[in-house]
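Heads up, the thing below is written out as structure tokens.
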Amino acid sequence: MLDPTSVAAISAVLGAVGSGMANEAGKWAWESTGGVVRRIVGREVPAPVAPDERDDVARMLHDRIRADPQLAAHWAVFAARVRRTPAPATAARSDLPASIRFFTDRKEAMRRLQREASRRPDGRPRLALVHGPDGMGSSTLAVHFGAQPTRLFPDGQIYADLGGGGAGGARDAGSVLRALLRQLRVPDEEMPTGTDELGEFFRDRVADRRLLVVLDHAYCAPQVRPLLTPAPGVFTILVARAPFPGIDAVRVPVGPLSDRDAVRLLTDITDKSTVAAARAALPSLLQRCGGSPYALRAAAYQLSAPTLPPRRAEADGDPVRGAAEDNYRLLAPESARLYRLMALRAWPAFDAAAAARTTGQDPEAVAESLEDLADRMLLERGGGSGNGRYRYRHGVRAHAEAAAIREDGIAACSAALARTLSAYADLAASAAHQALPESWRVPAPAEERVGRRYEDRGAALDALLAESGNLVEAVRCAEESGDPDTVVRLCRALWPLQLKAGHHEMLLPALRIGVRLVDTHRPTSPDAGALHAQLAHTLTELKRWDEAETAARAAARAEEAAGHKRGHASAVEFLGLLRLRQWRYPEAYDCFDEAGGILDTMGDQDEGTADLPRARALLERHRGRALRGSGPREEAREKLETALRYFRSSGDTYNTARTLTDLAESRLDEEDAEAALPLIEAAITTLDGQSAEYQLRYLRRMREACVTG
């Protein structure tokens, strides 16, 4: 059994606590750990970020604990209190796309996959790279293999689209790891915040499982390397358009179907009589499809269609674009226009409402047209966001975009994009304000631009989540269109997603664009301060602390230059919260003091004066936390009790529970379980019924420590 006071055991506790900062309880545990480390070592110790830094802190603790049995006992009690117990593994939720009814040929490819999936473990990852041009069925092959009844993967099949196929751009490793972990039924609040920690956490979660992992639309080794695991029971299939170096994988090429298999597929999709009736045109059609299963499936419409005019030359030689062109010419004019204009950007998954705003068409008619386009295989359904959403295959979007430029012209395309951006900006601003109506960080939209009214805050936040990928793409589009005003509106509307839903890896590129544009176009505006502060928040959550400090200081400078005192105080407060995360408690206290001084200068004419009592109470709580970490316990409790009185009197149950927890921990720091227990019970009672599972779990561990310690 591992000695709990060994360097390895202490480092494991530090690592477990550090990886748990995605939820409020995890942040409490991390701050408490810093205070305990400071007391045991006898001086301020910077919070570790990298594994080697964590080991250095563990060695410091070990040296002190080994020489002092009382400190050893104190550490053991504390470690038991903060150590996270992972939830037991449950069956994975398969997000594999639906397989197809008619699957032709590919016997050799299936055999290669089966051999790699079932070979004896030898220390190498079970890994296959399935590759083939767009439309050849490489993704379908991987999904079809995963859908087969097999004893190889009793713990499930999980899937992620890496975005290398075009829609929305390649996804970062952190976002993909979170998507995979959600399919393993790991709640977001249990996932580590940093990407490196996420990779380690994912590998730990799958170490003893027998799983299939399909990573679709991969494009290079650095993109996929953080997603791979040597676990002997895990088989990973990478799907790419072409093989790439740097990955030791079994290569499974997917080429064109033979004419015989192509005719068999057409017959399966339609029927023998339809294929027989089109016998004269069949050689030409097979040549045009080039053995592409996608093109052959799309050609089912053409078998019974009148003779088509000659195909445009630019479509020749590319089966996907050629099939798209053939079916495009069968569309009614309004459907054809919809097909063209929605392809002007790689929206991850759009719905009828967005398409109606883009085209100016009736929403009900648009919904019918979208279904028709999907039936004709000019759109794909779902896109990972549920029913009623659509996306383009990469080659089909390229065809539709070229058709839009050719047939609608640059001016009409620009106007359509402007309408789409306006639609997404209006939706985001309205949903964000309804999700956080009391937040001065989310400007209220003009009455005529409110749009849909959501039934509650949760529904508004869900609407933002559903559109999050499109909102990030809209920020990119607005930047390229030279529209900084829309970039700012969109970025400020991301705040509820940052505060309430995380998704920081996904949002980070958009926030960087927003900061870059406000620095260029309006560096002294309140928007500059707000966006730098949002960036600081996300960088802090991602544990990129040096970058977070730069952003927080930039926010403070911009808010001060704009004369926006509420924002200036908030930016300085952000810097203080970062210092708490870094275990730099005296500096944190100074920041909170500075923020309080700024609030004291506010007058009735300043924005945010209605929020001043709550803002001051929060700062008082923060001061108490900083003092608790640095040592003056009695003064820390005085600050916390002052904050508690305000939160109780104002009916702020969430912050009441947080402050009660701070007070309970300050008592446990002194090993005064008798005084801590009623505070813990009060916090549990306050949080009851508020969906605060992780906070309650943490409080129950504290209560257990009081009873048994």
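None of the figures in this text is laboratory data; all of them are computed from the coordinates on show. Bear in mind that the values here come from a model prediction, so they are computed numbers and not experimental data. Cβ atoms come from the backbone with ideal geometry, glycine included; neighbour counts cover every protein chain shown.
Rounded, prolate or oblate: which fits the range 595-709 when a ≥ b ≥ c are the square roots of the eigenvalues of the alpha-carbon gyration tensor, with rounded for a/c under 1.5 and prolate only if a/b beats b/c?
oblate
Among the aspartates and glutamates, which have Cα under 17 Å from the Cα of Lys27 when same-chain residues fewer than 8 positions away are ignored?
Asp188, Glu189, Glu190, Glu197, Glu541, Glu573, Asp662, Glu665, Asp669, Glu693
Taking the chain as the reference, fit the longest principal axis to its C-alpha atoms, fit the long axis of helix 51-67 to the helix C-alpha atoms, and give the angle between the two in degrees, 0 to 90, nearest 10.
It works out to around 30 degrees.
For the range 359-453, which GluC sites (Glu not before Pro) are both in a DSSP coil and crowded by at most 10 other Cβ atoms within 10 Å?
Qualifying residues, ordered by number: Glu438.
To test your reading of the geometry: what angle, between 0 and 90 degrees and rounded to tens, separates the Cα axis of helix 319-328 from the longest principal axis of the chain?
So the helix axis and the longest Cα principal axis differ by about 80 degrees.
Over every pair of different alpha-carbon atoms in the range 417-497, take the mean of 1/r and invert it; report that Kirkwood radius in Å.
12.3
Near the amide H of Thr236, under 5 Å away, which other amide H atoms are found, from residues 5 or more places off or on another chain, if H is placed in the peptide plane?
Arg126, Leu127, Ala128, Val213
Kindly provide log₁₀ I(q)/I(0) values, in the same order as q = 0.19, 0.21, 0.25 Å⁻¹, from the Debye equation applied to equal alpha-carbon scatterers of the range 333-407.
Normalising to I(0) and taking log10 leaves -0.67, -0.84, -1.23.
Just the number, please: percent antiparallel of the DSSP beta bridges in the chain, rounded to the nearest 5.
Given both bridge residues lie in the chain, the antiparallel proportion sits at roughly 15 percent.
So, by mean Cβ neighbours within 10 angstrom, what's the order for 286-295, 618-627 with the highest one leading?
In descending order of packing, they fall as 618-627, 286-295.
What is the Cα centroid distance between the range 199-246 and the range 615-691, reported in whole angstrom?
Cα centroid of the range 199-246 versus Cα centroid of the range 615-691: 44 Å apart.
Cα convex hull of the range 107-253: mean projected area in nm², to one decimal?
About 8.4 nm², averaged over all directions.
When the Karplus curve 6.51 cos²θ - 1.76 cosθ + 1.60 is applied with θ = phi - 60°, which whole-Hz ³J(HN,Hα) does each residue of the range 567-573 get, with x for Gly and Pro?
In residue order, the calculated couplings are x, 4, 4, 5, 5, 5, 4 Hz.
With unit charges on the beta carbon (Lys/Arg positive, Asp/Glu negative), name the residue among Ala300, Ser118, Leu644 whose Cα is farthest towards the positive pole of the charge dipole of the chain.
The listed residue farthest towards the positive side: Ser118.
Can you give the Rg/Rh ratio of the chain, where Rg is from the C-alpha atoms and Rh is the Kirkwood radius?
Across the chain, the Cα-based Rg/Rh ratio is 1.02.
By how many degrees, between 0 and 90 and to the nearest 10, does the Cα long axis of helix 195-206 differ from the longest principal axis of the chain?
Around 70 degrees separate the two axes.
With the cut-off at 17 Å, report for the range 453-563 the share of all Cα pairs above it, as a whole percent.
Percent of Cα pairs beyond 17 Å in the range 453-563: 52.
Loop-only trypsin sites (Lys or Arg not before Pro) in the range 403-454, please: DSSP not H, G, I, E or B, and at most 16 other Cβ atoms within 10 Å.
Counting only loop positions with at most 16 other Cβ atoms within 10 Å, the trypsin sites (Lys or Arg not before Pro) in the range 403-454 are Arg452, Arg453.
Any idea what the dipole of the chain comes to, in debye rounded to 20, about its Cα centre with Lys/Arg Cβ at +1 and Asp/Glu Cβ at -1?
With Lys and Arg at +1 and Asp and Glu at -1, about 2380 debye.
Restricting things to Cα coordinates, could you compute the convex hull volume per residue of the range 7-82 in Å³?
It comes to 75 Å³ per residue, whole-number rounded.
Give the dimensionless ratio obtained when the Cα radius of gyration of the range 549-656 is divided by 2.2 N^0.38 Å.
Relative to the 2.2 N^0.38 Å estimate, the range 549-656 comes out at 1.06.
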